[in-house]
Structures are given as structure tokens and as C-alpha cells.
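The structure appears right after this line, and notes come after that.
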Amino acid sequence: MKKTFAELREQRMTANEKLGDIYVKAANRELNDEEKMQVLNLTREIEECEREMRGINLDVTNQEAQKSRREVEKKAAFREVLEKLRTGAEREILLNAAAGNVSANIAASGAIELTVHDLIPTLHEGLDLPKGLRTVTGVEGNEVWPVSVNDVEMEEVGEVEALSDQVLDFNKITPTPNRIGLTVPVSNAAIDNAAFDVLAFVQMKFGIALRTYLAKKIYSLADWTKNRGPFSGKKASAGTIELGANAYKNILAKVAEFSNKGFFEGDVCLCMDRVTEAELKATPKVAGAAAGFVIEGGLCAGYPYVVSHFVNTELNSADELVPTADRYLEVGYYEWFALQQHGVVRMSADSTSQAVAKKNITAITLNSFWSMTDLSVYINGAKGSQAFGLYKIVEPEPAKA
């Protein structure tokens, strides 16, 4: 097996040490025949290691250069595919190769194969995903999560007394994929211009739209009709939390409530808006003591947190997302929330219909299916989310005189 650069460096160092030991032992005399042979072999070993190390460095340099050339070639190929779509009969690009002889797909064109992960850059305020949330892409077929909803208990009975029958109940959770998509108009002049990075433009537009969609669904209190985040429609049943001087203790107490249900504290993530973050950065853990602040070192009360303005939003009568009158703090264990993209992501291009032809544009449309599933709804025999808590921030009661 070919050795790595680090292994070769270690081997060369060991050989040099052995060579030094030989010369130290023979400091006041000439080398004998056995030592001369050892010196010769060690010298050859050192030279061989250095030769292979130079080869590895050269390979890395060549690979970087080839990668740079391939990126340029892929972008040019993508522009060529769009050009053919505008003038030819094929109107659909598959991001993944489909069964059969399909020529109008990204892989066949030689351009970069877009994946959902490529379309989720962490850009813009409030679009970061919470810690512990995993995104699964390319899900095929039907999925079922079996759930044990109760436990059994030991009984104390007499020596010959019959034990009571205890039943283990089970339930199941299945995801419901919903179609999402968008259309981005691209100027035909931009496609024809070889200096214009069409691929980066499309990825940027799709990436921002997808991240905004996920952030709205995951953080907002809006009562969504299809894909729903863990706090969707929970405004009316929200608990309360006082921050102020006792913020540190109160946040720890809310997290402890989840520990009583069996959830591990290390996996929790808090969500808030920037106003709340600013307050907690200036709030001491313990009033009058040099114990630090509630938020410090990138942690809130010792736990990971994310900031998004979508936390304090809901839908109005016109189904528009608007700010709420109050501020909220969200506590969640996001490994219990399944965020999945299903099937093949499809992108199509239209430049011949009257609607786009008269504008001299090519409309690039993305279609996909996503599902959002709360896996904690049956935990401990309960019906309803157990891994997520929503708390309205209320002012502390004034101290009594």
C-alpha cells in the first residue's frame, strides 16, 4: 500500500535518528563494515522517502490545477446545455441520471451535478439551521418509523400468585412529502456571454430561496398547512419564561424539564431573535457576581443556540408572514426532527413559450419534494411534540417593597 506524506516523513525521521546514532557511537573511530552497510541502507531509505514525498507534493499541485480547469470546463458545459435547450427539442434537465437513455441531464453534459447540499449555503441573517438537525436527501420509497409508546413495570407478587398481563403498545410515524419549487429567469444575453457565471447565478438564487423556505418552516410560529416545523401553530399553547436578572437560572430550568422526559441536555439547541441575544449577552449569570454572562463563548447558558428573525413570525389573515407582538424563545432537540428531500430533484428550462420569449429570457425551474416530520410526538405515550418547547418571553414581576 502506498504510504501517505505523514508516514513517509515519520519514516525519514526515524532513519535519520538511526543514522545519527551510528555516527555518535563511532565518534572516536572509523566505521566498521557492518556500520558502513547500515549507513548505506539508511541513506538510501532517506533518499527514497524524500523522492516519494516530492512526488506526492507534485501530485497535489497537479490535482489542484486540474480541478481548476475542470471547474471552468463544467461552467462552460452548463452554458452549452442551456443553449441547446433553448434551440432544441429537449426541455428538461435531470440533476440525477434517470433510467434509460437520457441525454439532457447534468451528468451527461459534463457539467457539475447539483445536489441539495450544494443548494444550501449558510448565507443571510436567520437562515442557519439549528445544531443537531440533519438533512437527508434522495429518499426513495415509503418510510416508516415504528414507535414504542409505553413501558412495562415489575410486580411484587406472592410465591404462586399469577403475574398480570402487560401489553406493549406500538405506533408508527410516516413522512408526508410536499412538492416545492421555484422559477428563476436568466437573461439569454447572460447565457450567451462566456464570461458570465450562469451556474453560480442559478445556485445562488436556488440556495437563498431554499434556505429561506427551510428557516421559515423550522423557526416560524405560523400555522402552516403542508410542511410544518416543530413550532408551527404552537403560539396559543406556548409556555412563558422570564429573562431579566434570573435568565440564566430560568433557561436552565426549562432545559431540565426535557431531561425529566429522558432527553439528553447535550443535544439541545436554543433559538431566539437578535434582540433577545443582545439582552442575554449583557445579562450576568448571577446578579452582583463575577460569573460571566448568560451568552458568552458562542453558548447560551452553556448550550448551542441559533439566531433568526423568523422565530417571532406568524401568518396574518392574508397568509403573509408578519412579526408577532411578542418575543419567543424556542428549545429543541433537533435530532428528533426529520428533514428530508424525496426522490429526484428536477430542473427544466423554458425559452420558447410566449411568456419568456418576448422577454429574451430562459426560465429555469426547480421542482422537488420535501417532508418535515416530528419524531417525538408519541414519546412516553404522549400525543404531541415532546422534544420541542416554545416559550413567550415575559417581563419579570417587580420586586416587592
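The values are calculated or read from the model by the stated rules, or taken from the named source; none is laboratory data. Nothing here was measured: the structure is a model prediction, and the numbers come from that model. Cβ atoms come from the backbone with ideal geometry, glycine included; neighbour counts cover every protein chain shown.
Across region 352-390, what is the number of residues that are β-branched (Val, Ile, Thr) and either free of Cβ contacts under 8 Å to residues at least 24 places away in the same chain or under 30 Å from PHE264 (Cα atoms) (or both)? Residues in region 352-390 being β-branched (Val, Ile, Thr) and either free of Cβ contacts under 8 Å to residues at least 24 places away in the same chain or under 30 Å from PHE264 (Cα atoms) (or both): 3 in total. With a requirement of 1 or more residues that are in the same structural domain as GLY207 (by TED's automatic domain parsing), free of Cβ contacts under 8 Å to residues at least 60 places away in the same chain and of a type outside the set (A, V, I, L, M), the strands (runs of 3 or more DSSP E) lying completely within region 299-351 that satisfy it span 305-307, 321-323. Within the option set ARG69, ARG9, ARG44, ARG54, being under 30 Å from the mean Cα position of the chain (by Cα) and modelled with pLDDT of 65 or more holds for one residue only, ARG69.
Look at (1) surrounded by fewer than 18 Cβ atoms within 10 Å (Cβ to Cβ); (2) in contact with a helix residue (DSSP H, G or I) (Cβ under 7 Å, 6 or more places away or on another chain); (3) farther than 15 Å from MET272 by Cα; (4) modelled with pLDDT of 85 or more and you find that PRO396 fails only one, number (4). List, please: which pairs have Cβ atoms under 7 Å, are six or more places apart or on different chains, and start with a residue in region 224-242 that is surrounded by fewer than 20 Cβ atoms within 10 Å (Cβ to Cβ) and end with one that is small (Gly, Ala, Ser) and at pLDDT below 95? Qualifying pairs under 7 Å: TRP224/SER232; GLY239/GLY389. Taken together, the criteria exclude LEU329 from residues that are closer than 30 Å to LEU252 by Cα, among the aliphatic types (A, V, I, L, M), surrounded by 17 or more Cβ atoms within 10 Å (Cβ to Cβ) and at pLDDT below 90. Taking SER371 and the conditions (1) assigned to a strand (DSSP E or B); (2) of a type in the set (S, T, N, Q); (3) surrounded by fewer than 17 Cβ atoms within 10 Å (Cβ to Cβ), which numbered condition does it fall short on, given that it satisfies the others? SER371 satisfies every listed condition except (3). Report whether or not SER385 is touching an Asp or Glu at 6+ places or on another chain (Cβ under 6 Å), closer than 26 Å to THR137 by Cα and not in a strand (DSSP E or B). Yes: the conditions hold for SER385.
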